[in-house]
């Protein structure tokens, strides 16, 4: 049994996939298997993988296009490692990631490890203002997280889901994934498999380690599902296919969740489904429905008047099971919907150190793919200490000196 199974579900991304696989195959830790699960791609994905000729690489392919969650389920079924790590086909691992992850898991004794992520937008990112953006987190602490408390935070603030131990850019023990299968029949039971797994695993793990040092890169490319469904109003071909395959797999968004193209909706759908499976009797773990409705409304961007009206209507209809909240929504929003307007996106950003992260234009450093981004970002981080130490004060104060040196400051 290998120590790690690194799993890469993919569909029609033969252009970005080879760079993702390079970030794994160039690790300085050999006890792993790399599994590529091809969701019936119509491009050269099979040839890209076969051309790598590496004994650690396993390739499987579905005969028909599957919903994202079904392909992820098929992917993790192939894994035999002690710990599982899922990354996207435009993402990557940082240099020495597996060595550091292994050290933390052994020293902490935890069965789940979450970490911060670098964010990198490929040159074909569909929002021109954000092309080549590279964001490197430098000011996050090492900590042991109470999963139940983190779930409470997510119920109030959907964006807190990024702190969950998702089976995506986290290392999760096989014991936990087997427990998920035992309890609910499968690992992924929502249209957003990564978010759903984070909810479920936070509950099952109870406590998990969280590293302030990033071990992976979250890549955004021209065909990213998340970008298409939450930033482009479901107008991209990728988003439309995602919705069609999800409907076919009988995983449509729940009736009590606003069916609108926003991140809060996707998070809430996963939360409700995970609650139904694992913690339905925990009253303190709940979604704030008023806050959800407001967050969805505020997250609607760049919509024409009629589309915006239909989106507000969808938010209202999702509140039918909570009449008091729906009446509140009517008084505050629906009764004056014609006076409301969709917000306009402002994608502008500035280079420099802000909000605990370094914001760069990757093109300034000749970076055009996730492998090059990983090699560059690796310069910012020292080797991990042999023992995982919890720091209430950000561990990266020493890294800032390295940043200034690298940036010539």
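FYI, it's all coordinate maths here, none of it is from the lab. Worth saying up front: this structure is predicted, and the values here are computed from it rather than measured. As a convention, Cβ positions derive from the backbone with ideal geometry for all residues, glycine included, and neighbour counts pool all protein chains shown.
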Quiz item: Can you sort 170, 62, 108 by how many other beta carbons sit within 10 Å, fewest first?
Solution: 62, 108, 170
Exercise. Compute the FRET efficiency between residue 178 and residue 255 as 1/(1 + (r/R0)^6), taking r as their Cβ-Cβ distance and R0 = 41 Å, and round to the nearest 0.05.
Key: 0.85
Quiz item: Over what distance in Å are the Cα centres of segment 28-65 and segment 87-131 separated?
Solution: 19 Å
Quiz item: Percent relative contact order of the chain, based on C-alpha pairs within less than 8 angstrom and at least six residues apart?
Solution: 21 percent
Quiz item: How far is helix 97-108 tilted off the main Cα axis of the chain, in degrees rounded to 10, range 0 to 90?
Solution: 80 degrees
Exercise. Fewest Cβ neighbours within 10 Å first, please rank 153, 117 accordingly.
Key: 153, 117
Quiz item: Using r as the Cβ-Cβ distance of residue 327 and residue 129, and R0 as 60 Å, what FRET efficiency do you calculate, to the nearest 0.05?
Solution: 0.90
Quiz prompt | Neighbour-count ranking [beta-carbon atoms within 10 angstrom, fewest first] of 355, 271 | solution = 355, 271
Exercise. Whole number please: convex hull volume per residue, Cα atoms of segment 139-293, in Å³.
Key: 121 Å³
Quiz item: Taking only Cα atoms, what is the 0 to 90° angle, nearest 10, from helix 305-317's long axis to the longest principal axis of the chain?
Solution: 90 degrees
Quiz item: On a 0 to 90 degree scale, rounded to 10, what angle separates helix 68-77 from the longest Cα axis of the chain?
Solution: 40 degrees
Quiz prompt | Length released on extending from residue 343 to residue 375, taking residue separation times 0.36 nm less the Cα-Cα span | solution = 7.8 nm
Self-check item: Nearest-0.05 FRET efficiency for residue 31 and residue 107, computed from C-beta distance (R0 22 Å)
Solution: 0.80
Quiz item: Between segment 278-336 and segment 168-210, what is the C-alpha centre distance in whole Å?
Solution: 27 Å
Exercise. Return the percentage of antiparallel bridges among DSSP beta bridges fully within the chain, rounded to the nearest 5 %.
Key: 45 percent
Quiz item: Between residue 361 and residue 56, what length comes free when the chain is fully extended (0.36 nm per residue of separation minus the Cα-Cα distance, one decimal in nm)?
Solution: 106.4 nm
Self-check item: Computed over segment 253-337: relative contact order in percent, which uses C-alpha pairs under 8 Å that are six or more apart
Solution: 39 percent
Exercise. Please report the orientation-averaged projected area of segment 253-337, defined via the convex hull of its C-alpha atoms, in nm².
Key: 5.4 nm²
Quiz item: How far, in nm, would the chain grow between residue 43 and residue 294 when pulled straight, counting 0.36 nm per residue and subtracting the alpha carbon separation?
Solution: 86.3 nm
